[in-house]
Amino acid sequence: MDRNTHQTGAQPNATLAAAGPAPALCPHLAPALDALLCQGARVLAAAPMAWSKIELEVVLDSGQPLAELPAHLLVNAVQTWTNTDAHYPLAQGLVCRACRHSLGWPLRSARAS
Ligand SMILES: [Zn+2]
């Protein structure tokens, strides 16, 4: 399994537009995905991740800061994460420890100017 093609940074192009309906995230993360999609985020990728035993990671193109997420989205199994290591795309998101699903989006909402 070496499918890291979505880890190449910003790809605001139409090649990714075919993601279709919301990916099948676990029920703990689905409400957060829903909320972000309602805010206008789009799904860039949904793929298994090799780097941290995550079985499904959904990557969005934008999202609000973690601190502003409604508390009811952070149920028991869900933890927040932030990557500030510049070796990787700067990102933040949620991970469900129970289901090993993850939901992430860029630290800065990079709206196309
Ligand atoms: Zn879950």
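General remarks:
- Out of A30, A22, A47, A17, one residue alone is modelled with pLDDT under 90, more than 19 Å from R108 (Cβ to Cβ) and surrounded by 15 or more Cβ atoms within 10 Å (Cβ to Cβ). It is A47.
- Test result for L56, modelled with pLDDT of 90 or more, within 16 Å of the ligand (Cβ to nearest atom) and surrounded by 15 or more Cβ atoms within 10 Å (Cβ to Cβ): yes
- Test for A86: is it modelled with pLDDT under 90, of a type in the set (G, A, S) and more than 16 Å from the ligand (Cβ to nearest atom): yes
- V75 vs. criteria under 13 Å from C26 (Cα atoms) and in contact with a Gly (Cβ under 9 Å, 6 or more places away or on another chain): no
- Of all residues making up segment 60-100, the number that are touching a His at 6+ places or on another chain (Cβ under 6 Å) and aliphatic (A, V, I, L, M): 3
The values are calculated or read from the model by the stated rules, or taken from the named source; none is laboratory data. Worth saying up front: this structure is predicted, and the values here are computed from it rather than measured. Glycine also receives a Cβ, built like all others from the backbone with ideal geometry; neighbour counts cover every protein chain displayed.
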